[in-house]
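The values are calculated or read from the model by the stated rules, or taken from the named source; none is laboratory data. Bear in mind the structure is a predicted one, so any value in this text is a computation, not a measurement. All Cβ positions, even for glycine, are placed from backbone atoms using ideal geometry, and neighbour counts span all protein chains on display. Note: areas computed on protein heavy atoms with side chains; ligands, DNA, RNA excluded. Shrake-Rupley method; radii C 1.70, N 1.55, O 1.52, S 1.80 Å.
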Amino acid sequence: MTTTRTNRLRRPLLAGTTAVAAMAVTVGFMAATPEQAKAATGPKLSLIAATGSVTLTSWKEEPGVYLDLGTYLTAEGTPLEFKVTRKSYKDPLTITQTVYEGGKAKAKTLPLGTVKDFSGLPGFAEITVTDKTGKKVVSRTESFCPNNASGRVRPDAPSTSKYPESCPTNPFTLGSVWGVEKGWAANTYGGSYTQPVKLAAGTYTAKIGVAKKYRDLLGIADRPATVKVTVQERSWEEGPGVAPARSATAGEHAGHGAAHQAPAGHTGHGAGHAPTPAQAGAPETSGAGPSYNVGHGPLKAAPPAVPWAVKREQAARADMRAGDTAGRTDGSRQAPALTPRSQRPSGTPTVPNVPKPDLRSLPAYGITISDGGQNVPGKDYLAFSANVWNAGPAQLVVDGFRSPGKAKMDAYQYFYDAAGKQVGYTPTGTMEWDPRPGHVHWHFTDFASYRLLKADKKEAVRSGKEAFCLANTDAVDYTVKNANWHPFNTDLATACGQENSISVREVLDVGSGDTYTQDLPGQSFDITDVPNGTYYIQVLANPAKRLKETNLDNNSALRKVVLGGAPGRRTVTVPAHDLVNAN
């Protein structure tokens, strides 16, 4: 249970605060018997160092040095693959490894306590740092996300990795797939989701190994990597071209490490909406992808950790714009906007008998009391983050078309057969332009609704939020049928058009959800005149039932809250939601 007092800081929630216990039970398929487990083979895994020496920068304005040491876990023979799931929020997490027996994939259930959340394998890497006298100055363990920033280690490896590009940290994630493609290597560095260490300028020796429980579990040889480390001290005030790409006061794009250069052209929702010092971007993360997109907010999405080799290139070419290429995922999310059909649909609208999306809501989180950004004494708002996701088995595809001179677009939902051919469409409302900071794009109306319900579940307050830009900001469950592990429109800068757009396409992919963070206009309830007591925040997908779905009975999610305090100094207590204890 979490109690939050009045909070005048409007920051996006950094997810990953679930409190769940892990248990080794089988979900989705049968676990291998002991005899099968002995016969089944996993990948050959090795810990390697990309270089024998690295230079790390200690910025005077930051709390320490991030140990981006250029170490990778490689997979040969077969991929390293895990599925992490939970049946519901009342059930603990389970993790299974995919191994192979006679060329066929088998599921191997991993032991109790292997994972505690969806962010990776805890305590995987063991790191010690000694100074030039041999004195140990750092001893720590770090988690490892197999979906981390990665690349090929040999030319005949698959040109692209089939696995997602990050480990989800949304507290209400339901299922995740982690993997290192065969012939590939994943960076063991966890980005700013790890803690920096205090190291004075000088030279050190870092020893990086894999914890014994993972060596035994996955068959990794006990061969730690050794890296020479040079720490240099610098200041942001030294001049242009040396400031870190994303810090406590700058929300730019790059990981910690040698370069600290921001690739040119990486913008948020549009010009003029860069974060101010009080609106620092989220920390760099361990991989590019939807899970680390902080949602629809005025802040830029958290950039991923960039592989060491790419950062070295960036250091050599300060004006280089890193981009994803075949065989390498370097963390760039910039992508062209989704393309709508060339013209609005014609003919008779039809809703054919083909697979359709299944919209579901996650319980609210990131719940806090705010002043709504107005700084009006005595005015209180209950702010929250919300996510609606698509459980499939089909994409939600909505196009908007603008008639000349009209302020709104007419919206249409499209339907596709198993071969991907469009076989029907239906009108489904409108899209409207939202010019407010933090939005500045086209919103599809009536995608979701937020209501504050009394203890008896009757409505007390309805949020003014009524329209949404659809983007795949979070990997909610990549184990569902037809889940797309590489959704296209995760970049909010291009997801929902410009003010002068004539048409817009918005897509919510299978397995992904769309988070709106608590710092946004309309993402709250005015509770100034709401009495203290027990309430429920309801997140309701498809409230007018205009969108065609496979199931309309699972669109609502409730989160219990308890309001207290006095006017102008309200408090909110957020009980745990079953096993998930995240406010």
| field | Every residue from the range 553-578 that is at pLDDT 95 or above and of a type in the set (A, V, I, L, M, F, W, C) | value | 557, 558, 561, 562, 563, 572, 574, 576
| query | Can you tell which of 139, 119, 88 is surrounded by fewer than 19 Cβ atoms within 10 Å (Cβ to Cβ), of a type in the set (Gly, Ala, Ser) and outside any strand (DSSP E or B)? | reply | 88
| remark: Reported set for the range 461-484 where residues are over 25 Å from residue 411 (Cβ atoms), surrounded by fewer than 17 Cβ atoms within 10 Å (Cβ to Cβ) and either at pLDDT below 80 or touching a strand residue (DSSP E or B) at 6+ places or on another chain (Cβ under 9 Å) (or both) is 479
| query | From the list 113, 183, which one is touching a residue at least 24 places away in the same chain (Cβ under 8 Å) and either open to solvent by 10 Å² or more (accessible area, probe 1.4 Å) or of a type in the set (S, T, N, Q) (or both)? | reply | 113
| said: Considering only residues that are modelled with pLDDT of 80 or more, surrounded by 21 or more Cβ atoms within 10 Å (Cβ to Cβ) and not in a strand (DSSP E or B), which ones fall in the range 412-450? | reply: 447
| field | The lone exception for residue 205 - which of (1) hydroxyl-bearing (Ser, Thr, Tyr); (2) open to solvent by less than 10 Å² (accessible area, probe 1.4 Å); (3) more than 17 Å from the chain's Cα centre (by Cα) it fails | value | (2)
| remark: If we ask which residues in the range 123-159 are among the polar types (S, T, N, Q), over 20 Å from residue 71 (Cα atoms) and touching a residue at least 40 places away in the same chain (Cβ under 8 Å), their number turns out to be 1
| task | Given the conditions (1) open to solvent by less than 20 Å² (accessible area, probe 1.4 Å); (2) not in a loop (DSSP other than H, G, I, E, B), report the number of the one that residue 105 does not fulfil. | result | (1)
| message | Being at pLDDT 80 or above and either open to solvent by 10 Å² or more (accessible area, probe 1.4 Å) or of a type in the set (Phe, Trp, Tyr) (or both) is true for just one of 521, 487. Which residue is that? | response | 487
| field | Search result, residues across the range 535-554 that are open to solvent by less than 10 Å² (accessible area, probe 1.4 Å) and not in a strand (DSSP E or B) | value | 542, 547
| Residue count, the range 165-180 (criterion: of a type in the set (Val, Ile, Thr) and open to solvent by 10 Å² or more (accessible area, probe 1.4 Å)) | 1
